[in-house]
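A.B. asks: Attaching a single structure in structure tokens format; questions to follow.
The values are calculated or read from the model by the stated rules, or taken from the named source; none is laboratory data. All figures in this text were calculated on a predicted structure; none of them were measured in a lab. Cβ placement follows ideal geometry from the backbone for every residue including glycine, while neighbour counts extend to all protein chains displayed. Just so you know, the surface numbers come from the protein's heavy atoms only, side chains and all, with ligands and any DNA or RNA stripped out. Shrake-Rupley method; radii C 1.70, N 1.55, O 1.52, S 1.80 Å.
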Amino acid sequence: MWVVKLGGSLQNNKVLTQWLDALAEYGLGRVVIVPGGGKFADEVRLAQEHWNFDDEIAHQMAVLAMQQFGLMLSGLDSRLTTVSALDRVRSLIKTSQIPVWLPDSAILDQNGIPASWDITSDSIAAWLAKRLKAEQLILVKSGEIGSGKVLVEDLVGQGIVDKAFGRVIRDVGFTIRLFGADQVDCFVRGLRGEKDGGGLVVRNSNRSRL
């Protein structure tokens with residue numbers, strides 16, 4: 001099973017439908033989609049800056065932003081099925097469907113996910129991958145992503161992943177890859193097993209103290 005987080009920055013990118021087509025065509029029974037927050041989450045940040053409400057409320061709103069993007073994805077492609085319960089995610093995978101996971105802030109809170117902007121959809125997707133015992137975690141970003149290997153600390157320092165990501169992925173057994181929006185063909189080749197998967201492989205250093 002692969003957990004694929006589609007960055008909210010793809011929200012207005014024309015390649016978004018290409019990613020959905022690829023996932024629906026080649027990911028049946030193999031892929032769980034996690035939506036980013038995108039501009040929906042940006043609105044939460046702006047509202048918090050304006051009204052100065054606390055991070056717990058902002059966190060709940062940001063999770064709802066992920067849900068909104070997830071609903072949008074299912075609206076763009078009827079082959080996708082939105083779901084929140086983890087048992088339901090597993091059952092959809094077993095019946096060769098494509099679940100779009102809509103996170104629940106109450107469940108995240110119960111599992112120790114802090115209400116902080118240090119935690120974004122990247123870390124939430126990593127948490128889900130751990131719970132589902134995924135083989136790979138794929139993060140799809142709108143920016144240009146090369147190939148090779150990169151330390152998680154470098155990604156955090158560049159703001160490509162959130163500040164908590166290194167802590168969340170510590171000691172995980174699955175492979176983590178980043179793809180740019182224009183690398184859908186490379187991703188498909190990896191999903192089909194035609195090559196090693198490409199993308200930028202994240203190295204989880206023991207030096208991480210996030």
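A.B. asks: Read phi for every residue in the range 156-167 and hand back ³J(HN,Hα) as whole Hz from Karplus 6.51 cos²θ - 1.76 cosθ + 1.60, θ = phi - 60°, with x for Gly and Pro.
C.D. replies: In residue order, the calculated couplings are 5, x, 8, x, 7, 10, 6, 5, 8, 4, x, 5 Hz.
A.B. asks: Regarding the chain, what is the average projected area of its C-alpha convex hull, in nm²? It would help to have the intermediate numbers written out before the result.
C.D. replies: Details: hull surface 43.5 nm².
Dividing the Cα hull surface by four gives the mean projection, 10.9 nm².
A.B. asks: Please work out the Cα center distance from the range 34-66 to the range 164-194, rounded to the nearest Å.
C.D. replies: 26
A.B. asks: Grab the Cα-Cα distance for Arg88 and Asn111, subtract it from 0.36 nm times how many residues apart they are, and report the gain in nm with one decimal. Each step should come with its number before you reach the end.
C.D. replies: Values: separation 23, 0.36 × 23 = 8.28 nm, distance 1.79 nm.
Using 0.36 nm per residue and subtracting the Cα-Cα distance, I get 6.5 nm.
A.B. asks: Could you sort the peptides 54-62, 163-171 by per-residue average Cβ neighbour count (10 Å cutoff), highest mean leading? Write out the running numbers ahead of the final one.
C.D. replies: On the way: 54-62: 17.1, 163-171: 18.9.
Put in order of decreasing packing, that is 163-171, 54-62.
A.B. asks: In square angstrom, what is the accessible area per residue of the range 50-165 with a 1.4 angstrom probe?
C.D. replies: Working: 5680 Å² over 116 residues.
That works out to 49 Å² per residue.
A.B. asks: If you don't mind, another one. Calculate what fraction, in whole %, of the accessible area of the range 57-210 sits on carbon and sulfur atoms when a 1.4 Å probe is rolled over the protein chains.
C.D. replies: Working: 3270 of 7260 Å².
The C+S portion of the solvent-accessible surface of the range 57-210 is 45 percent.
A.B. asks: For the range 108-143 and the range 75-95, what is the separation of their Cα centres, given in Å?
C.D. replies: Each part's Cα centre sits 17 Å from the other's.
A.B. asks: Just want to confirm a number: the relative contact order over the chain, from Cα pairs under 8 angstrom separated by 6+ residues, in percent. Each step should come with its number before you reach the end.
C.D. replies: Working: 389 pairs, mean separation 50.5, N = 210.
Value for the chain: 24 percent.
A.B. asks: With Rg and the Kirkwood Rh both taken from Cα atoms, where does Rg over Rh land for the range 125-194? Working shown, then result.
C.D. replies: Working: Rg = 12.3 Å, Rh = 13.0 Å.
Using only Cα positions, Rg/Rh for the range 125-194 is 0.95.
A.B. asks: Please give the charge dipole size of the chain, origin at the Cα centre, charges +1 on K and R Cβ atoms and -1 on D and E Cβ atoms. Round to the nearest 20 debye. Could the numbers behind the result be given before it?
C.D. replies: Values: 24 positive and 24 negative charges, 162 e Å.
Taking the Cα centre of the chain as origin, the dipole is about 780 debye.
A.B. asks: Right, here's the next one. Sequence gap at least 6, Cα distance under 8 Å: using those rules, report the relative contact order of the range 36-105 to the nearest whole percent. Walk me through the intermediate numbers first.
C.D. replies: On the way: 78 pairs, mean separation 22.6, N = 70.
Contact order relative to length: 32 percent.
A.B. asks: In terms of modelled amide H atoms, which long-range or inter-chain residues lie less than 5 Å from the amide H of Ile176?
C.D. replies: Leu137, Val202
A.B. asks: Let me ask something additional. Stretch Met72-Arg30 to full length: gain in nm at 0.36 nm per residue minus the Cα-Cα span? Before the final figure, lay out each step's value.
C.D. replies: On the way: separation 42, 0.36 × 42 = 15.12 nm, distance 2.11 nm.
13.0 nm is the gain from fully extending Met72 to Arg30.
A.B. asks: Then there's this: Which lysines does Lys133 reach when only Cα atoms under 26 Å apart count, and residues fewer than 8 places away in its own chain are ignored?
C.D. replies: Lys5, Lys94, Lys141, Lys149, Lys163, Lys195
A.B. asks: Also, quick follow-up: Suppose R0 equals 35 Å. What FRET efficiency, 1/(1 + (r/R0)^6) with r the Cβ-Cβ distance, do Thr175 and Phe53 give to the nearest 0.05?
C.D. replies: The computed FRET efficiency comes out at 0.35.
A.B. asks: Follow-up question, since we're still on this one. Rg to Rh for the range 86-210: what is it, with Cα atoms only and Rh by Kirkwood? Numbers along the way, then the final one.
C.D. replies: Working: Rg = 14.8 Å, Rh = 15.5 Å.
That ratio is 0.96, to two decimals.
A.B. asks: Over all distinct alpha-carbon pairs, what is the Kirkwood Rh of the range 49-153 in angstrom? Display every interim value, and only then the final one.
C.D. replies: Numbers: mean 1/r = 0.0645 Å⁻¹.
It is 15.5 Å.
A.B. asks: A follow-up question, please. With θ taken as phi - 60° and the coefficients 6.51, -1.76 and 1.60, list the Karplus ³J(HN,Hα) couplings across the range 74-80 in order, rounded to whole Hz; mark glycine and proline as x.
C.D. replies: Values per residue, Gly and Pro as x: 5, x, 7, 9, 5, 6, 9 Hz.
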